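Values quoted throughout were computed directly from the atomic coordinates according to the rules given, and no laboratory measurement underlies them. Remember, it's a predicted structure, so these values are computed and weren't measured experimentally. When we count neighbours, we look across all protein chains shown, and the Cβ atoms used for this are built from the backbone with ideal geometry, even at glycine.
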Amino acid sequence: MLLVLGLVCFTVFMLVLEWIRADLIALLVIVVIGITRLVPVEQLFEGFAGNAVISLIAVMIMGAGLDRTGVLNKTASFILRLAGGAEARLRFLINAVAGGLSSILQSQALAALFVPVVGRVSARTGVPLKRLLLPMACCILAGTNTTMISNSPLILLNDLILSANRNLPPGAQTIETFKLFAITPIGIPLLIAGLLFFALFTRRLLPVEDEGQDATASRTETYFSEVYGIDGDVVEVTVTAESPLVGMSVAEAEALRNAPLILAIKNGNESRLAPPADLMIWVGTVLGVLGKRDAVNDFAANNLLTVRTRLAHFGDMFNPTRAGISEAVVPPNSRFVKKVVGDLRMRKRYGVSVLAVYRGEEVFREDVRKLTLMPGDTLVLHSLWRDLAQAAEDHDIVVVTDYPKAEQRPGKIRYALLFFALAMGLGLFTDLKLSIAMLVGAVGMLLSGVLNMEEAYASINWKTIFTLACLIPLGWAMDSTGAAAWMAQEILVYCGDWPQWALQACVALLALFFSQVVSNVGATVMMVPMAINIALASNGNPSVYALIVAISTSNSFIIGSANPVLTIIAGPGGYRARDLIRVGIPLTLLMLVVLLISVNLVFGTR
C-alpha cells in the first residue's frame, strides 16, 4: 500500500513539473508496477485491450471519417445561415452545435476540427475569435457528459468500476456500470447551464478591443476582399438561348465588359472547376462565377443569364473541404518566370484558376491572363485542393496557404453517417460491449471507403491511448492493495458525519483539484477507487460517487494545461491565463452545483 501511494505521489509530482512527457511517465508507471508485482503480470497489459481503450480508438476513427466527408463544414454553413450575422445568435449556435456534437464525438478531436471552422465563421462575420473559441471549448467539455463515449474519464469509468467489483468486501453488492446514454439526464442540464452562462456573460468575461464594431460589417460577400483583395462571392448563372454568350469561349466571355471570373462550368452532365480558356459555352451551360453579387446580377441581366439564389450544381465542388482560394509564390528558378499567364494554360494543365497577382505593393486583377510573371510574384489561385497539390509537385510555384493535403470525400457522407448511427444504435439498444459497438461503426467506415487504413492509423492520438492504457493498472493497484480504502477511511475520520450531498461535494472538489495538477485521466484513475470506498463506508451509492469523479475531472475549465481541449484553443484564440481563470472559476462552481443537483435528482441520495 505504501508503495502504491508513493507511486501515486511520484506520478502527480512528475505530471505537474512536466519534465518528462505524460505518455512516457505513464509507461514508466506501468513498468514499475510490473517490476514490483503490484498487479499480476498477466493482468498488467489488459488496459491496452480494455473496453475503454478500444472504444476510444474506434471513436477517434469515426470522428476522422465524419470530418473527411465534410460534416463539420456543412455544420459551419448551417450555423452561418441560421445566425444571420447577429453575434449573440452566432455564439449561441456555435456553442450549442459544438456541445451537441461533443456527446457523440471525442472532445479533443472535435475541438481540433472545430477551430478552423470557427475561424472561418469569425472571418466571414467579423465576430472576434476570442469571444467564440473559449465558450465553444467549454461547451464541448460540458456536452461530453451526455454520453459515455466522448471523453477519456467517462470511457475509462466502467473499466474502473469493474476493477472495483473484483475487490469488493464479502457481502457487498456489485456496483452497476453505466449504459451508453445512462448519464444523459445529467449531461443535458450541464450543457444547458454552460449555454446560458455564456449567453449572459460572454461580453463581460471576454472583452475585446473595438467593442462597438458592428459584427455584421464583414459578411460572406466581402470575405474574399478582406483576405485576398478580391471582391465577391460564388454565384451560379445559367446561359439562356437568347444569351450572346452562346458560342463564345470561356476566355471570350471573361473578356466582356464587367465580366466576373468564371471558376466552374457545367455542360450537360459534365462539371469541371477551372475551365480551360478555349472551352465553349452553349445553351443551358451553367457557370460558377466569382464577383460582387450586384455586379453579377447586372452582367446576367445584360447578357440574358438566369441567376440562381444558391449553389445547386457546384455546391459539392465548392465545398471548402475540396476546393478554395490559395496563395502561391513564383520562385526564381520557376519555369513560369517571364511567361505570360495566359500562355501557361494553368486551367487546362492543372485545373487551377489565377484570380490575381501580387507584385511588391501592386495588385493585378484586371487582364491577369496578359501579365508576364516575375520571380517573387504571388499568385492568388482557385482550385480543387487535390489539383493544387499536383500543381505544386513541379516546384514552379510554392504554395504558402495551409490547405487540406488529404483527399476529401464528401460523396461518402451517407456511409459515414449511416455507420456512425449504426454504432450508436448498437451501443444503445443491444447488450453489446461499447467497444464492439464502436468498432462496428469504425470498420464499416473503412470497408465503405470513408477512410483507408493509413488514414485510420493517423487519426488515432496515440499519446492519449498510451497514457490511458498505462495508468489503468495504477487504479487497479490502488484497489487491490487497499490504498484506496485507507485513504477513504482517513477522509471519513474528518467528514464521517456529513450528509451525502456534502460528501459528494467533497469528492467532486478533490477530483477538480487533482484534475488541475495532473491529467483528467490520471485524476480519474486515482480518485474513482477512493470515491467508491467512501461511498461504501458512508452507505452511499458507489456508482454515483464514481460518476461524480469522472464528470468533475472532465469539467476542468481553469488551467489550460490541465485539459487538452483548452490547450487546443488557447493559441488560436490568444487567451492568457487570466482569461481562463476569469471564465473558469465561476463556470466550474456553476457546473459543480448543477452536477450535484442533477445526480441526486436522477439517482437519488442512496
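Here are a few things to note about the model shown:
- Gain on full stretching of the segment that runs from L432 to T240 - 0.36 nm per residue minus C-alpha separation: 63.3 nm
- Counting every other Cβ atom within 10 Å of each residue's Cβ, E46, E454 order from fewest to most as E454, E46.
- Shown in residue order for the range 491-498 are the 3J(HN,Hα) couplings computed by the Karplus curve 6.51 cos²θ - 1.76 cosθ + 1.60 at θ = phi - 60°: 5, 6, 4, 9, 10, x, 8, 6 Hz (x for Gly and Pro).
- Modelled FRET efficiency - R0 25 Å, K463 with F513, Cβ distances, 0.05 increments: 0.55
- Between 0 and 90°, nearest 10: helix 564-573 axis offset from the chain longest Cα axis: 40 degrees
- For the chain, with +1 on Lys and Arg beta carbons and -1 on Asp and Glu, the positive-most of I585, I25, V250 along the dipole: V250
- Annotation for R308 and V31: the two label points, set 7 Å from Cα along the Cα-Cβ direction, are 6.1 nm apart.
- Segment E366-F201, extension gain: residue separation times 0.36 nm, minus the distance between their alpha carbons: 54.6 nm
- Theoretical gain in end-to-end length, A301 to R576 [0.36 nm per residue, Cα-Cα removed]: 93.7 nm
- A Cβ-based charge dipole, computed about the Cα centre of the range 323-399 with Lys and Arg at +1 and Asp and Glu at -1, lands at about 360 debye.
- Listed residues P189, V399, L509: farthest to the positive end of the dipole of the chain (Cβ charges): P189
- Taking other Cβ atoms within 10 Å as a rough exposure proxy, I57, I534 sort from fewest to most as I57, I534.
- For L180, nonlocal amide neighbours, meaning residues 5 or more places apart or on other chains whose placed amide H falls under 5 Å from its own, do not occur.
- Charge-dipole axis of the chain as Lys and Arg at +1 and Asp and Glu at -1 on Cβ define it, positive-most pick from F314, Y350, G6: F314
- Degrees between helix 130-143 axis and first principal axis of the chain (Cα, 0 to 90, nearest 10): 50 degrees
- With a Förster radius of 60 Å applied to the beta-carbon distance between K338 and F78, the computed FRET efficiency rounds to 0.80.
- Between 0 and 90 degrees, the angle of helix 500-517 with respect to the longest Cα principal axis of the chain falls at about 50 degrees.
- Each Lys and Arg adds +1 at its Cβ and each Asp and Glu adds -1 at its Cβ; summed about the Cα centre, the chain shows a dipole of about 440 debye.
- The fewest-to-most ranking of R369, R81 by surrounding Cβ atoms within 10 Å reads R81, R369.
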